[in-house]
Amino acid sequence: MRKKYQQQMPLMDSGVNHPHAEDYERISAILDDLSIINEMVLQDLTRGIKNRSKGAEGMSAEQVLRAAIIKQTEGFSYEELAFHLVDSRTYRNFCRIGITQKGFKKTALCSNIKSISDSTMENINKLIVAYAVDKKVEPGKHSRIDCTVVETNIHKPLDSSLLWDCVRVLTNKLVLINSRLDDVNLQFSDHCKRAKRRMLAILNAKKNKIRKEKYKDLLIVTEKTIGYAHSAVSILDSSVFTDPLQATIAQGINEEIKRLIPLAERVISQTRRRVINNEKVPASEKIVSIFEPHTDIIIKDRRDTLFGHKICVSGGPSNLITDCLIVKGNPADTNLTVEMLDRHEQIYGRYPQKVSLDGGFASKSNLQEAKSRGIKDVCFAKKRGLKETDMCKSTWVYNKLRRFRAGIEAGISWLKRCFGLSRCTWKSLRSFKSYVWTSILAANLFTIARSETAT
């Protein structure tokens, strides 16, 4: 049975006299003021459940959201989170866990927190921004915009290591079929050792000729393994399992192999094109991980190559992150300017009076679009042929907004250092988006809580 929040407050310890504990107390008061948030989370937790009143009680929606905030703020793993929810008085009070109540297992925490969708987290953040407007923390009159990259949790994507990943993961699935399914006996050869030797030989090769020969053999091994995987799919598709448990296991393995085969074939194709045929493969056609295939290749400032997703964030003088756009691929910043301004209008109901952006957003057309929306002063950190007086009403205003823009970099740095935004540790694109929004939500709650203390 699912609940939005604890209907009757459990017996709880008194608060802890510490600044960090006081921050959590103020955040708890903010979440209590926005009780509709619990209903939004509850809808995600009960999606597909016809009757909420039946079944085990489990975690309430209130507890799930608060546990997610603690996890993202403190950088805990699920196992560490489970321990601290038992051990820490502050965290137990924040999550409304009473003295007589037990904590939650890491599996329960993981499944519940992952159930909150990215769209729900985004909508919750909009409510937090609206709350900041009511409390006069962030009125939204001034805005600063910049982009950054959040990396996915993958290793360096070398062609040899990707081929090795394909061989070992597919082989593990084939071994799992023989060990878990009684009525199936696949005939295949385990090429993992051979593939690993070729991968290491490629990494240590000093001449291109030797490296290419090793690649050719590694490609042969990978193609053989994919052939075994195709045979396994055909056998599983035609098999009938009388035992429901065996049927469920077979279906799960079969679906996973079907997902991996196209990815492995793409890895073979790009390796053959790049290494054997000396062809340049566009970034949009490359795959850099079979575990996180949604990962984009982001070339930053023509110097650094990062693997993850580009996000565009906007904030105000309070350092509140008012909006975030997770973009697909690596579009130029100039293509995001108008969209970010329009998103600001959707959140606040009006465009900002002044806006400051990084130099990558600068273009004459973007300046005209911003001015046509009634924005008085538009500052690009790099002029790119634009005059200061065309962007702002005076040079003094331009210089002031240019200094104001630097604050968004501090906000991004804070998100990455303190809320885990530098690297997403959750798997899949949906979870990646949820991870980003959870980081931003946690940071915004601390921003509001601390601003109320300052006043």
Subject >> Distance violations [Cα-Cα > 21 Å] among Lys193/Lys280; Lys383/Lys416; Lys156/Lys280; Lys209/Lys280 >> reply: Lys193/Lys280; Lys383/Lys416
Original post:
Taking the Cα centre of the chain as the origin and placing charges on Cβ (Lys, Arg +1; Asp, Glu -1), which of Asn319, Ser77, Val167 is farthest toward the positive end of the dipole?
Top reply: Val167
Subject >> Structure-derived Cα extents along the principal axes in Å: which label, when the choices are [x] 61, 56, 53; [y] 82, 64, 37; [z] 72, 65, 37 >> reply: [z]
Subject >> Rounded to whole Hz, the Karplus (6.51, -1.76, 1.60) HN-Hα couplings of the range 187-194, x for glycine and proline >> reply: 10, 7, 9, 8, 9, 4, 4, 5
**OP:** In whole Hz, with x marking every Gly and Pro, tabulate ³J(HN,Hα) for the range 421-437 from phi via Karplus 6.51 cos²θ - 1.76 cosθ + 1.60, θ = phi - 60°.
**Re:** 7, 5, 8, 7, 9, 8, 9, 5, 5, 4, 5, 4, 5, 4, 4, 4, 5
Subject >> Per residue value of the accessible surface for the range 360-455 (all protein chains in place, 1.4 Å probe), Å² >> reply: 47
Original post:
Check Phe380: other-chain or 5+ apart residues with amide H under 5 Å from its amide H, H built from backbone geometry?
Top reply: Leu357
Original post:
If you put +1 on each Lys and Arg Cβ and -1 on each Asp and Glu Cβ, how big is the dipole of the chain around its Cα centre, in Debye rounded to 20?
Top reply: 1660
Original post:
Which peptide among 144-150, 119-125, 184-190, 406-412 comes first, and what is the full order, when sorted by highest mean count of other Cβ atoms within 10 Å?
Top reply: 144-150, 119-125, 406-412, 184-190
**OP:** Compute the signed sum of charges (Lys and Arg +1, Asp and Glu -1) over the other residues within less than 10 Å, Cβ to Cβ, of Gln246.
**Re:** -2
Subject >> trypsin sites (Lys or Arg not before Pro) restricted to DSSP loop in the range 81-125 with at most 11 other C-beta within 10 Å >> reply: Lys102
Original post:
Residue-wise, which Karplus ³J(HN,Hα) couplings in Hz belong to the range 161-176, taking 6.51 cos²θ - 1.76 cosθ + 1.60, θ = phi - 60°, and x for glycine or proline?
Top reply: 5, 5, 5, 4, 4, 4, 5, 5, 6, 5, 5, 4, 5, 5, 5, 5
Original post:
Which percent of the accessible area of the chain is formed by carbon and sulfur heavy atoms (probe 1.4 angstrom)?
Top reply: 50
**OP:** State to the nearest 20 debye the size of the charge dipole of the range 271-342 about its Cα centre, where the only charges are +1 on K and R beta carbons and -1 on D and E beta carbons.
**Re:** 540
Subject >> Value at 222 nm in deg cm²/dmol, rounded to 500, when DSSP H runs of n ≥ 4 in the chain each add -39,500 (n - 2.57) >> reply: -18000 deg cm²/dmol
Original post:
If amide H atoms are built 1.01 Å from N in the plane of the peptide, which residues on other chains or at least 5 residues away come under 5 Å of the amide H of Asp146?
Top reply: Val313
Original post:
If you place +1 on the Cβ of every Lys and Arg and -1 on the Cβ of every Asp and Glu, how big does the dipole about the Cα centre of the range 126-271 come out, in debye to the nearest 20?
Top reply: 1120
**OP:** Indicate, rounded to the nearest 5 percent, the antiparallel portion of the DSSP beta bridges found entirely in the chain.
**Re:** 65
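The values are calculated or read from the model by the stated rules, or taken from the named source; none is laboratory data. Bear in mind that the values here come from a model prediction, so they are computed numbers and not experimental data. We place every Cβ from the backbone using ideal geometry, glycine too, and count neighbours over all the protein chains shown. Protein only, heavy atoms only, side chains kept; ligands, DNA and RNA dropped before computing areas. Shrake-Rupley method; radii C 1.70, N 1.55, O 1.52, S 1.80 Å.
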